[in-house]
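Heads up: the structure comes next, in structure tokens.
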Amino acid sequence: MSTIAVKQNESVLTPQKSSVQSEQAVRPVPILISFLIAGFIGLFSETALNMALGRLMIELDVASSTVQWITTGYLLTMGILIPISALLIQWFTTRQLFVASLLFSIVGAIVSGIAPTFTVLLLGRVIQAVGTGLIIPLMFHTVLIIFPIEKRGTIMGLIGLVMMTAPAIGPATSGLIIEMLSWNWILWVIIPFLVFSLVYGLAFVQNVSKLTKPKVDMPSIVLSTLGFGGIVYGFSVAGDKGWGSLLVISALLVGLVSLLIFSLRQLKLEKPMLDLRAFKYPMFTLGVLSVVATFMIILSSMILLPLYLQTGLGLTALTAGLILMPGGVLNGVLSPIAGRAFDKFGTKWLLTPGFIIMLIMLWQLSNVTTETSIAMMIFLHSGLMAGVTLVMMPAQTNGLNQLPRYLYADGTALINTLMQVSGSIGTALAITIMATSQSSYLQSLADVSDPAVASTSLTAGVQTAFILGVVLAISGLVMSLFIKKSTAPQPQNT
């Protein structure tokens with residue numbers, strides 16, 4: 001990263017008296033490093049406790065439906081906070097939000113680490129989620145400001161390395177820690193890194209965005225919270241409560257109605273909380289839809305594969321985590337390469353092959369059996385992650401590149417919010433399809449007392465659930481045919 005040229009492009013690095021450090025030149029590389037460290041730890045924390053859910057159920061004496069709130073609460077908090085981030089970025093400086101995000105993460109990790117009860121642990125996880133929910137959109141927004149358009153593909157590739165490697169090594173690392181120590185150590189291990197990130201950020205993060213401090217529209221905040229929160233919550237608990245549950249139906253209805261009213265209100269406000277006019281830019285819209293399809297594939301796979309590896313193939317949690325690690329590492333290694341390729345060749349040469357690779361791997365995953373080898377699973381997961389690498393950050397970068405500067409905060413907030421929403425939808429649909437198919441398989445058996453039934457029935461469910469990924473990959477492939485490279489930002493309005 002030290003070789004990246006520091007370009008002081010007037011349209012990108014123009015100092016603003018109210019919030020930009022005009023005393024000294026903006027130094028993009030140290031700022032980027034600060035965000036990459038903080039983002040890596042935040043996203044590692046998001047999945048680190050997944051492998052400890054079984055242990056938590058025993059030690060904290062909670063049911064499986066309750067312990068799932070460790071993940072649901074995290075997603076719900078981010079789903080509520082990220083849409084508001086576009087407003088926060090216009091009210092608070094880059095340094096203020098950076099420091100706040102790290103403090104929330106540190107406090108949340110400490111509270112979670114010392115938690116004597118599940119309620120305290122959940123509180124700590126929510127506090128952690130606030131930190132992650134602040135740092136991710138702030139990172140994207142800052143990068144769009146401090147780096148010129150011809151360098152963004154490479155920089156977004158580095159961000160992709162962080163965003164995909166951190167969740168990938170989370171399960172394996174936590175599985176190893178659980179084998180050797182208690183689950184609390186998963187939290188203790190990350191605290192020194194968070195403190196280092198805070199100290200490093202205090203030394204190098206500069207204020208780079210212009211503060212406009214728009215009027216805070218409280219109805220928009222309430223509608224956004226009910227809308228995005230209701231949908232994330234409804235889909236997150238649907239797998240446990242059932243789609244016919246009054247709670248699930250009510251949450252989804254409240255979410256959908258609130259989002260409809262929220263959207264109509266944003267289009268009427270002179271200074272909306274979240275400017276939906278970003279969707280007027282076709283490459284941004286196609287980029288968002290491509291990212292949504294890909295993220296649904298990622299999240300559904302991340303819940304199906306551990307279940308299949310542990311129940312279908314009878315592997316331990318640590319072994320399952322290690323099998324999934326090469327794919328995540330490969331994704332991280334390829335991300336900067338894909339970023340440079342994006343800068344040089346454009347979008348279509350990455351997105352179309354990426355979706356084709358995902359389609360092939362997902363089709364093969366829909367045909368796994370209880371006899372599938374570990375080597376084949378490593379190959380299929382690694383291939384899937386390679387396809388994801390060619391799509392995820394290039395599609396996001398190309399879409400954001402078409403937006404004028406005044407829509408950067410809204411564009412990053414929209415993409416990251418819809419990623420959280422689509423992630424919860426993809427997970428819920430995958431679990432529902434798997435459970436339904438598994439139930440049908442069991443009903444077709446004459447003898448369900450056979451010990452092998454558990455693995456064969458779950459494998460049958462997983463096979464059917466991966467068809468969802470196949471459909472999503474096909475839709476992404478079609479969209480990729482219409483995407484063109486955004487070569488320059490549109491004229492900047494105010």
Which one of the conditions (1) assigned to a loop (DSSP other than H, G, I, E, B); (2) modelled with pLDDT of 85 or more; (3) surrounded by 19 or more Cβ atoms within 10 Å (Cβ to Cβ) does Ser486 fail to meet, given that it meets all the rest? (2)
Taking the stated definitions as given, is Ile127 outside the structural domain of Leu407 (by TED's automatic domain parsing) and free of Cβ contacts under 8 Å to residues at least 40 places away in the same chain? yes
If you go through the stretch 359-408, how many residues are touching a Pro at 6+ places or on another chain (Cβ under 8 Å) and among the β-branched types (Val, Ile, Thr)? 1
Is there a residue being farther than 28 Å from Leu87 by Cβ, surrounded by fewer than 19 Cβ atoms within 10 Å (Cβ to Cβ), modelled with pLDDT under 80 and of a type in the set (A, V, I, L, M, F, W, C) anywhere in the stretch 353-361? no
Given the condition modelled with pLDDT under 85, in a loop (DSSP other than H, G, I, E, B), more than 23 Å from Met283 (Cα to Cα) and not assigned by TED's automatic domain parsing to the domain that holds Lys241, answer yes or no: does some residue in the stretch 426-441 qualify? no
Is there any pair linking a residue in the stretch 342-359 that is farther than 10 Å from Val391 by Cα to one that is surrounded by fewer than 19 Cβ atoms within 10 Å (Cβ to Cβ) and acidic (Asp, Glu), with Cβ under 9 Å and at least six apart or on different chains, and which? Asp343/Glu150
Return the total of residues in the stretch 343-390 being in a helix (DSSP H, G or I), hydroxyl-bearing (Ser, Thr, Tyr) and farther than 14 Å from Met325 by Cα. 2
Every residue in the stretch 243-295 that is surrounded by fewer than 17 Cβ atoms within 10 Å (Cβ to Cβ), in contact with a helix residue (DSSP H, G or I) (Cβ under 8 Å, 6 or more places away or on another chain) and not in a helix (DSSP H, G or I), please. Trp243, Ser245, Leu269
For the stretch 297-318, indicate whether the set of residues that are of a type in the set (Gly, Ala, Ser), outside any helix (DSSP H, G or I) and at pLDDT below 90 is non-empty. yes
Can you tell me which of (1) of a type outside the set (S, T, N, Q); (2) crowded, with 22+ Cβ neighbours inside 10 Å; (3) out of contact with any helix residue (DSSP H, G or I) (no Cβ under 8 Å at 6 or more places or on another chain) is the one Met376 doesn't meet? (2)
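Can you tell me which residue among Ala395, Ala341 is small (Gly, Ala, Ser) and surrounded by 24 or more Cβ atoms within 10 Å (Cβ to Cβ)? Please lay out each step first, then the result.
Numbers: Ala341 fails: surrounded by 24 or more Cβ atoms within 10 Å (Cβ to Cβ).
Ala395 is the lone residue from the list that is small (Gly, Ala, Ser) and surrounded by 24 or more Cβ atoms within 10 Å (Cβ to Cβ).
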Please go through the stretch 235-257 and give me each residue that is without any contact (Cβ under 8 Å) to a residue 24 or more places away in the chain and polar (S, T, N, Q), ordered by number. Ser245, Ser250
Scanning the stretch 44-65 for residues that are at pLDDT 70 or above and not hydrophobic (A, V, I, L, M, F, W, C), which turns out nearest to the chain's Cα centre (by Cα)? Glu46
Boolean, Leu194 is within 24 Å of the chain's Cα centre (by Cα), hydrophobic (A, V, I, L, M, F, W, C) and either under 29 Å from Ala428 (Cβ atoms) or outside the structural domain of Ser34 (by TED's automatic domain parsing) (or both): no
Taking Ser174, is it modelled with pLDDT of 75 or more, of a type in the set (S, T, N, Q) and assigned to a helix (DSSP H, G or I)? no
Subset of the stretch 103-147, residues of a type in the set (A, V, I, L, M, F, W, C) and assigned to a loop (DSSP other than H, G, I, E, B), comes to Ile114, Ala115, Phe147
For the subset of the stretch 148-163 comprising residues that are in a helix (DSSP H, G or I) and more than 18 Å from the chain's Cα centre (by Cα), which member is surrounded by the most Cβ atoms within 10 Å (Cβ to Cβ)? Gly153
Tell me which of these Leu264 doesn't satisfy, since it passes every other one: (1) closer than 28 Å to Gly328 by Cα; (2) free of Cβ contacts under 8 Å to residues at least 40 places away in the same chain; (3) not hydroxyl-bearing (Ser, Thr, Tyr). (1)
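Residues to consider are Val216, Val232; find the one that is touching a residue at least 12 places away in the same chain (Cβ under 8 Å), crowded, with 17+ Cβ neighbours inside 10 Å, among the β-branched types (Val, Ile, Thr) and under 21 Å from Met78 (Cα atoms).
Only one candidate qualifies: Val232.
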Out of (1) buried (at least 21 other Cβ atoms within 10 Å of the Cβ); (2) under 23 Å from Ala435 (Cβ atoms); (3) of a type in the set (Gly, Ala, Ser), what's the single condition that is false for Ser224? (2)
Just the residues that are of a type in the set (S, T, N, Q) and farther than 19 Å from Leu267 by Cβ, please, taken from the stretch 392-427. Gln396, Thr397, Asn398, Asn401, Gln402, Thr412, Asn416, Gln420, Ser422, Ser424, Thr427
With respect to Leu472, determine if the residue is in contact with a Gly (Cβ under 6 Å, 6 or more places away or on another chain), buried (at least 23 other Cβ atoms within 10 Å of the Cβ) and either more than 26 Å from Ile136 (Cβ to Cβ) or at pLDDT 85 or above (or both). no
Output the number of the condition that Val126 fails; it satisfies all remaining conditions of (1) within 17 Å of Leu194 (Cα to Cα); (2) crowded, with 24+ Cβ neighbours inside 10 Å; (3) among the β-branched types (Val, Ile, Thr). (2)
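The values are calculated or read from the model by the stated rules, or taken from the named source; none is laboratory data. Only a predicted model underlies this, so the values are computations on that prediction, with no experimental measurement involved. Heads up, the Cβs are rebuilt from the backbone with ideal geometry, glycines too, and the neighbour counts pull from every protein chain shown.
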